[in-house]
1. So, in segment 310-331, of the ones that are within 30 Å of Trp63 (Cα to Cα) and assigned to a loop (DSSP other than H, G, I, E, B), which residue ends up modelled with the lowest pLDDT?
2. Identify, from the list Ser193, Ser157, the residue that is among the polar types (S, T, N, Q) and closer than 23 Å to Leu408 by Cα.
3. Does segment 166-183 contain at least one residue that is at positive phi and crowded, with 24+ Cβ neighbours inside 10 Å?
4. Does Ser56 satisfy the condition of being of a type in the set (Ser, Thr, Tyr) and at pLDDT below 50?
5. Which residue out of Val403, Val421, Val410 is at pLDDT 80 or above, surrounded by 12 or more Cβ atoms within 10 Å (Cβ to Cβ) and part of a helix (DSSP H, G or I)?
6. Find the residue count for segment 101-118, including only residues that are farther than 13 Å from Thr145 by Cα and at pLDDT 95 or above.
7. Please find, among Trp297, Trp269, the residue that is in the same structural domain as Ala189 (by TED's automatic domain parsing), modelled with pLDDT of 95 or more and hydrophobic (A, V, I, L, M, F, W, C).
8. Do you know which of the residues in segment 199-208 that are in contact (Cβ under 8 Å) with a residue 24 or more places away in the chain and in contact with a Gly (Cβ under 8 Å, 6 or more places away or on another chain) is surrounded by the fewest Cβ atoms within 10 Å (Cβ to Cβ)?
Amino acid sequence: MKNRKNLLPALVSIALVFSLILPASMLDAAPVMARGQVTRVVAADTKISARFYRPSECNVGDWTDITQIAAGTWHTVGLKSDGTVVAVGDNHFGECDVGNWMDITQVAAGGKHTVGLKTDGTVVAVGRNNGGCCEVGNWTGINQTATGHYHTVGLKSDGTVVAVGPSGWSRVDYGQCDVGNWTDIIQVAAGASHTVGLRSNGTVVAVGRNDDGQCDVGNWADIIQIAAGNFHTVGLKSDGRVVALGSCKLGRCDVDAWTDIAKVAAGEWITVGVRSDGTAVAAPDDEGFEWCDVGTWTDIIQVASGSQHTVGLKSDGTAVAACGWLTDIVPGPGCFIATAAYGTPMAGEIEILREFRDEYLLTNPLGQALVGLYYKVSPPMAEFITEHPSLKPIVRAGLLPAVATSTLAVNTAPAEKVVVVGLFVLVSVVLAIWATKRRGRGPQYT
């Protein structure tokens, strides 16, 4: 009992420290990927005997009468022939609340939002409205829509383009909505933070984040369809060949050998093609990622891909899916501190922490190393928390600074971040001075 009493403050302290350094929002996933890299981490000294599954974005086996599909980060949307819409998967922000939609002719799925195009050219949207990506209620004359992580794009019947999203909003504004001067566009596509447009003459334009070269499409010609993944762009040529550029380190741009392709799609870590005979092909094809297991698919007329799932629409109106089940996981739902504390990996606080992890930690070697360390030290503490539910409120309280810090990092503008960091440093200095003086007073004051 004494050891357990000593463990409690250590648990809370360590949870707080690690949550501040690397938010504990791991969706209990062993394949942790960031900006074209793959890190496979297995918790040390544990027996691996189970899998933890993402939400039900692949539960499309009972779908019928589907005419079009779309895939968001962790949700899947299907348009039925009667103009209604179905959706499965992560619904934390209401991105699957499409049950009352009617008269829809096209659907698109973004990071955490879903968009529907109505027969009258107006647009509806549900889900997370970060940066105003769901503010499409005044759009008219729209022929097609596309969705990125935090932005929505609309192609108008006159070939011009409109977009809403993070204009001037925090770290995610890369100019992906700067499409006001585009003309003669016949198709649009949206990546995480970039937007691509196909012109009627087969050339392509792109704006937005370009640190991986995903917008370097100026020399493309003879393109008949485009697709955009998080950090790469794909083009289908009239002769059935495919071109791709951007972040290609996982092999998702290895499409040079593809021939006889009729449709293309791009997800976060994958490029998918549908051949004219209805079979499917994916890149990468040799990394063992289960969301690339489309080689046995037949009779496919469209594909869509999200973060770690790929969906295919068959000519009979049914759908098939390949999911990247996250393997090599310590069994149980409370494998990591925050998941154990909040009781579910889909808690809003964990969603914020997850975004901080993806945008700030997993984009650099130091952050990736810290994430790997976290996998080693977190499971025992999480198991202890799970075994002692009374600790959950205490740990959640300890995680509040991490949640607040991550919220500020994710949802504030750069200038605001400077102010917040300055205040944080000031408070830290004051506390350090106070602690030093307190220690110097001697034991009689303690």
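1. Trp325
2. Details: Ser157 fails: closer than 23 Å to Leu408 by Cα.
Of the residues listed, the single one that is among the polar types (S, T, N, Q) and closer than 23 Å to Leu408 by Cα is Ser193.
3. Applying the first criterion (at positive phi) to segment 166-183 yields 168, 170, 175.
So of that shortlist, the ones also crowded, with 24+ Cβ neighbours inside 10 Å come out as none.
There is no residue in segment 166-183 that is at positive phi and crowded, with 24+ Cβ neighbours inside 10 Å.
4. Numbers: of a type in the set (Ser, Thr, Tyr): yes; at pLDDT below 50: no.
It is false that Ser56 is of a type in the set (Ser, Thr, Tyr) and at pLDDT below 50.
5. Numbers: Val421 fails: at pLDDT 80 or above; Val410 fails: at pLDDT 80 or above.
Answer to the selection: Val403.
6. Keep residues of segment 101-118 that are farther than 13 Å from Thr145 by Cα, which gives 101-103, 111-112.
Adding the requirement that they be at pLDDT 95 or above leaves 101-103.
Qualifying residue count, segment 101-118: 3.
7. Working: Trp269 fails: modelled with pLDDT of 95 or more.
It is Trp297.
8. At the first step, the residues of segment 199-208 found to be in contact (Cβ under 8 Å) with a residue 24 or more places away in the chain are 200, 202, 204, 206-208.
Filter once more, so that each one left must be in contact with a Gly (Cβ under 8 Å, 6 or more places away or on another chain): 200, 204, 206-208.
Working: Ser200: 11, Val204: 22, Ala206: 25, Val207: 20, Gly208: 25.
Within segment 199-208, the match that is surrounded by the fewest Cβ atoms within 10 Å (Cβ to Cβ) is Ser200.
The values are calculated or read from the model by the stated rules, or taken from the named source; none is laboratory data. Nothing here was measured: the structure is a model prediction, and the numbers come from that model. Every residue, glycine as well, gets a Cβ built from its backbone with ideal geometry; the counts of neighbours run over all protein chains shown.
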